[in-house]
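Take a look at the structure set out below.
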Amino acid sequence: MPRPKRNRCVSGNPTVTYFKPRGVPMSTLARVVLTLDEFEALRLADFEQQYHEEAASQMKVSRATFGRILGSAHQKVADALVHGKAMLIEHGPGVLRIAAVKCEACGFMWEVSSETERAICPSCGQATGLTKKGEE
Ligand SMILES: [Zn+2]
């Protein structure tokens with residue numbers, strides 16, 4: 001029996017979601033679509049230089065799945081660089097964005113998925129708005 005597909009967790013949004021070669025009109029440009037989990041794999045493994053084991057557990061996927069996501073990300077980035085394609089980062093299916101929430105009332109911090117707009121503080125029970133990581 002196939003295992004159910006599990007969500008991959010990412011901890012933020014890329015600051016820029018579109019990259020394009022300079023001086024090439026959009027209409028003639030081929031596009032590569034990088035999914036958010038591929039972007040996160042690149043960020044963890046190549047930028048933060050985490051061990052795959054560690055990065056995989058952070059994204060809540062197996063080490064093998066992480067390797068597959070990262071391999072696909074490398075292939076796409078290379079394709080964009082080699083062929084001068086535009087690159088788009090897209091929120092793919094099965095990706096759960098995790099946001100850090102800080103209670104406005106008591107300062108307690110915890111994590112929720114991005115689908116939640118407001119959350120109830122597990123510490124004091126106060127409803128609070130979402131604050132993204134790094135934003136106070
Ligand atoms: Zn609270």
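Nothing in this text is a laboratory measurement; each read-out follows from the coordinates by a stated rule. Only a predicted model underlies this, so the values are computations on that prediction, with no experimental measurement involved. Methodologically, a virtual Cβ is constructed for each residue, glycine included, from the backbone with ideal geometry; neighbour enumeration extends over all protein chains shown.
Points worth noting:
- Sum of side-chain charges, ALA30 neighbourhood, beta-carbon under 13 Å (Lys, Arg +1; Asp, Glu -1): +3
- Amide hydrogen neighbours beyond the local backbone of PHE108, cut-off 5 Å, H modeled: CYS103
- When you filter the trypsin sites (Lys or Arg not before Pro) in region 12-70 for DSSP loop state and at most 10 other Cβ atoms inside 10 Å of their Cβ, you are left with ARG22.
- Potential lengthening of the chain between GLU104 and GLN49 amounts to 16.4 nm, from the contour at 0.36 nm per residue minus the alpha-carbon distance.
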